[in-house]
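A short reminder: the numbers here are calculations on the coordinates, not readings from a lab. On a predicted model such as this, the values are computed, not experimentally measured, just so you know. Neighbour counts are summed over all protein chains in view; Cβ atoms, including those assigned to glycine, are modelled from backbone coordinates with ideal geometry.
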Amino acid sequence: MSFQDRYTLAYKTYPYEKSPDQDLPAPVRHPVVIVGGGPIGMALALDLGLKGVGVLVLDDHEGIGMGSRAVCYAKRPLEILDRLGCAAPMVDKGVVWNIGKVFHKDDQIYEFNLLPEEGHKFPAFINLQQPYFEMDILNRVHELQAGGVPLQVRGKNRVDAVEDKGDHVLVTVMTPDGPYQVEAEYLVACDGANSAVRAMLGMDFTGEVFKDSFLIADVRMKADFPTERWFWFDPPSGSGDSQLLHKQPDDVWRIDFQIGWGADRAEELKEENVRRRVAQMIGEDVEFDLVWSSIYTFQCKRMTEFHRGRVIFAGDAAHQVSPFGARGANSGVQDTDNLAWKLKLILDGTAPAEPLLKSYDAERIHGADENIRNSTRATDFITPKSEVSKIFRDAVLALAAKHDFARPLVNSGRLSVPCTYDGSPLNTPDALKGGPDRTRPGSPCPDVPLDGSYLLERLGDARGARFQILAIDAEVPERFAAHGLECGVIRLSAAGNEMLRERYLGAAKGAVYLIRPDQHVAARWAGWDEAAAAALGRAIGKEG
Amino acid sequence: MGMLNTTRNLAAPDDVYDMLIHAHEGKTKEESDAFNARLILILMNHVGDREAIAEALALAEV
């Protein structure tokens, strides 16, 4: 059985080694098997490993793929990865940007500043080549492995069959030494947009395919372009229908050229043709090295259900968006954040499996739909599908050059923000009168500075699945436990901390929040309420 | 229906209609289409109300 790599590796980080599992007469049972060692699979493995859940990652390659690919990482995934212990090197290496400029033909039509809100540990966005992002996660995986965390990664282990046996999943794995089988209590498919596991189970993956394609060129140059995001509609160079310029670390710029649906891939990817486009854009006299180039087409699709029985899907395997808005990898990390604590509680026997897995579907489908809606709208604006759509698009751009009112209509991508799980079955109705809308039940907790640290550093629980009671200017018991779960209790005062007041109290004098291990609000009240026990039960899938 | 004013609201309808037609004089079809699109966007912003715009879109279906 030969292994043809589907892509070139940037780093061979987990070369194939024969595992003792392969020689045992009966399949070994693992609590969780993850299919796919990309950023989503590894983030989930890290999260579960930290929680003490035995994890086995099976990847049909032996390391990290080449190419800058998902280049923009948003604040929320960085906060999540910080809890898992690997965001600091990403931010150190990454490029922080706030200024965006939009051009139409020859003219700059306007400039915006993301003006990130004060008082957050992480910036709104960093740009970082995906291999660095993956390497930072993997370094943390290795660090945990050295510390004895039950986390294994197996390269050149290709999953060829998956069979849900009711009380476990039987997985058939192909290796250079032939096939073997393992069992999983749960299997999570993080095997990307063309998920083989999804195909094996014949599960739906439907949506919209866009008839356009983009050429990416990563170029290294010492040029003096500022650290900004530049987006051109109808660029004057004629080098594409639209183009995007983004700064990455190592003096590398990422340029995306819209080249149309009918483009000849092989022809376009020839080095001289890529160089010609780049030169048209940055100027004939600017010296540059071509680092990497690729062509992508895109679609907005999702599965009808994100899990079936004991097989669960996360990241691009479950949902795919167009790249505008950086909602792919960013939303995948939010999937794993949502799933890890739920699997931990299910495997511990603390929470019922099906209701909690259903809540994963409900919450992350809600997130996927929001991402698909936003990225579809951006795509319709950037690559109008009809003559009239193009007429309106150009009308917006013409007006935006002169009139501020039209600028909010310009859509070159609405950048990824985490979604609020409104309507989630895990939420308890809001009982904080006058409380801020942004921290209503279902919301991700916004960060706040606290005497030299940050609130998010204290909320959530990477090493378990602990809920927190957050009391702000309110009396709460020293300890609180219910449904077999001991909650953390944090007491704060908003006196002298206006950001805490504005983000968590609003018009209320005090508040008590019940916060999930993934830092989403489950419930809130004006003061200590015995209903906290019922709210906790509801938040772990037991009827409240 | 509720947000959109569908009662007679123009004091001098012939004048206003004339302004509209006049604005298109000398324009090619392409220029007129672009002009109309800009005009719609300007008026839409003036209306400012999502519900009223939704009603107008429904009404325009005839």
For B:Asp18 and A:Glu387, what does the FRET efficiency come to when R0 = 41 Å and r is the distance between their Cβ atoms, rounded to the nearest 0.05?
0.90
Around A:Val171 (Cβ within 10 Å, Cβ-to-Cβ, excluding A:Val171; K/R +1, D/E -1) the net charge comes to -3
Considering the Cα trace of the stretch A:105-168, what is its radius of gyration and what is Dmax, both in angstroms?
21.6, 63
Quick check: net charge around A:Ala223, other residues with Cβ under 9 Å of its Cβ, Lys/Arg +1 and Asp/Glu -1?
-2
Plugging the Cβ-Cβ distance of A:Glu543 and A:Glu502 into 1/(1 + (r/R0)^6) at R0 = 41 Å yields, to the nearest 0.05, a FRET efficiency of 0.75
Which of A:Ser386, A:Ala531, A:Cys300, positive extreme of dipole for chain A (C-beta unit charges)
A:Ala531
Quick one: which residues, 5 or more positions from A:Ser294 or on another chain, have an amide H under 5 Å from its amide H? H modelled 1.01 Å from N in the peptide plane, none for Pro or chain starts.
A:Ile216
Which whole-number percentage describes the relative contact order of chain A, with Cα contacts under 8 Å and a sequence gap of 6 or more?
15 percent
Dipole moment magnitude, nearest 20 debye, the stretch A:437-539 about Cα centre, only Lys, Arg, Asp, Glu C-beta charged
220 debye
Here, trypsin sites (Lys or Arg not before Pro) of chain B satisfying both criteria (DSSP loop; at most 13 other Cβ within 10 Å) are B:Arg8, B:Lys27
Inter-site label distance for A:Lys165 and A:Lys509 at 7 Å from Cα along Cβ, in nm:
6.1 nm
Cut-off of 10 Å, at most 12 other beta carbons, DSSP loop: longest stretch of chain A lacking such chymotrypsin sites (Phe, Trp or Tyr not before Pro)
A:262-544
Show me the helices of chain B, taken as full DSSP H stretches, that run 18 Å or more along their long axis by Cα and average 0.0 or above in Kyte-Doolittle hydropathy.
B:29-47
Once the Cα gyration tensor of chain A is diagonalised, semi-axes √(5λ) in Å
38, 32, 20
To the nearest whole number, what is the average tally of beta carbon atoms from other chains within 10 Å of the beta carbons of peptide A:385-391?
2
For chain A, with the dipole built from +1 on Lys and Arg beta-carbon atoms and -1 on Asp and Glu ones, taken about the Cα centre, which of A:Pro179, A:Val33, A:Leu128 lies farthest toward the positive end?
A:Val33
Search the structure for amide H atoms under 5 Å from the amide H of A:Val489, placed 1.01 Å from N in the peptide plane, and list their residues when 5 or more places away or on another chain.
A:Ile469
If A:Ile259, A:Ile137 are placed from fewest to most neighbouring beta carbons inside 10 Å, the sequence is A:Ile259, A:Ile137
Enter the per residue convex hull volume of the stretch A:1-44, computed from alpha-carbon coordinates, in Å³ rounded to the nearest integer.
121 Å³
In what order do A:Asp136, A:Asp167 fall by count of nearby beta-carbon atoms within 10 Å, going from fewest to most?
A:Asp167, A:Asp136
For the stretch A:1-145, max minus min Cα coordinate along each principal axis, in Å, sorted largest first?
68, 37, 20
Which of A:Lys342/A:Lys542; A:Lys509/A:Lys542; A:Lys18/A:Lys165; A:Lys105/A:Lys390 exceed 22 Å between C-alpha atoms? The answer is A:Lys509/A:Lys542; A:Lys18/A:Lys165
What do you get for Rg/Rh over the stretch A:190-324 if you use C-alpha atoms and the Kirkwood form of Rh?
1.08
How many nm is it between the label spots at A:Glu530 and A:Arg265, if each spot is 7 Å from the Cα in line with the beta carbon?
6.5 nm
Please identify the trypsin sites (Lys or Arg not before Pro) of the stretch A:238-270 that satisfy two criteria: DSSP loop assignment and at most 16 other Cβ atoms within 10 Å. Which are they?
A:Lys270
What nm value, rounded to one decimal, do you get for the distance between A:Ala146 and A:Arg491 when each label is placed 7 Å out toward the C-beta?
4.1 nm
How many partner chain Cβ atoms sit within 10 Å of a residue's Cβ in peptide B:35-47, on average, as a whole number?
4
Formal net charge of residues neighbouring A:Leu144 (Cβ-Cβ distance under 15 Å; K, R +1; D, E -1)
+1
Where the only charges are on Cβ atoms (+1 Lys, Arg; -1 Asp, Glu), what is the dipole of chain A about its Cα centre, to the nearest 20 debye?
720 debye
Across peptide A:399-408, what mean number of C-beta atoms from other chains lies inside 10 Å of a residue's C-beta?
2
Between the DSSP loop rule and a limit of at most 11 other Cβ atoms within 10 Å, which GluC sites (Glu not before Pro) in the stretch A:410-513 are left?
A:Glu475, A:Glu478
